[in-house]
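Participant: Okay, here's the structure, questions in a sec.
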Amino acid sequence: MSNPDQSWTIRAEAPADAPAIEALNNDVFGPERFARSAYRLREGLAPLAELGLVAVENGILRGSVRFWPIRVGGMPALLLGPLAVHGDQRGRGIGVGLMQQGIEQARKDWDAILLVGDEPYYGKVGFTKMPEGRLQFPGPVDPARLLGLSLKDGALEKLSGAVTRA
């Protein structure tokens, strides 16, 4: 998908993008990312190929987003992340563009998306804080950073309980 106001485009992630995405995630989040609770839900699993997106400009990968299947109290949902944009490319709308397109694609088959992140940023695309104590992540998570987005009416209100791998 092309953005008329930007010189970057968003396209589906291809298998050949994997090394560049791994390098980007390492640059943005560092090796400590593997200790985070959200990574425990992803460990050993592949992201949903149909929802993986990259932003490319002049053949250079500028950002990526991936989505993973999870279960919340037994109900299926998505986990967004990592969302990564090269540090020198931030502020250009790449991250928001990746999320918007991913959310629209996810709307076809999913009811809700969760993530761990900063509400002021993710709120730009509709994510809101989840009620404290309603979800139990597999490890420590700052409850103020646990965010959700309903893709279908009332979907977030139905989510309660342990967040587990799908």
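Participant: Quick one: would you say GLY133 is over 21 Å from ASP27 (Cβ atoms), small (Gly, Ala, Ser) and in contact with a Leu (Cβ under 6 Å, 6 or more places away or on another chain)?
Facilitator: Considered against the rule, which asks whether it is over 21 Å from ASP27 (Cβ atoms), small (Gly, Ala, Ser) and in contact with a Leu (Cβ under 6 Å, 6 or more places away or on another chain), GLY133 comes out as no.
Participant: Are any residues in the stretch 77-88 over 13 Å from the mean Cα position of the chain (by Cα) and over 15 Å from PHE29 (Cα atoms), and if so, which ones? Steps first, answer last, please.
Facilitator: From the stretch 77-88, those over 13 Å from the mean Cα position of the chain (by Cα) are 86-88; that's our starting set.
Scanning the stretch 77-88 gives no hits.
Participant: Name the residue that is farthest from ALA14 (Cα to Cα), counting only residues in the stretch 68-91 that are surrounded by fewer than 23 Cβ atoms within 10 Å (Cβ to Cβ) and touching an Asp or Glu at 6+ places or on another chain (Cβ under 9 Å).
Facilitator: The selected residue is MET75.
Participant: Is it the case that some residue within the stretch 98-105 is surrounded by 13 or more Cβ atoms within 10 Å (Cβ to Cβ) and part of a loop (DSSP other than H, G, I, E, B)?
Facilitator: no
Participant: Moving to a separate point now. Out of the residues in the stretch 42-67 that are part of a loop (DSSP other than H, G, I, E, B) and among the aliphatic types (A, V, I, L, M), state the one that is surrounded by the most Cβ atoms within 10 Å (Cβ to Cβ). Talk me through it step by step, then tell me what you get.
Facilitator: Keep residues of the stretch 42-67 that are part of a loop (DSSP other than H, G, I, E, B), which gives 43-48, 52, 58-59.
Still in the running and among the aliphatic types (A, V, I, L, M): 45-46, 48.
On the way: LEU45: 12, ALA46: 10, LEU48: 19.
Residue satisfying both the conditions and the ranking: LEU48.
We did not get these values from a lab; they are worked out from the coordinates using the rules stated. Keep in mind it's a predicted model, so treat the numbers as computed, not measured. Note that we place each Cβ from the backbone using ideal geometry, even for glycine, and neighbour counts take in every protein chain shown.
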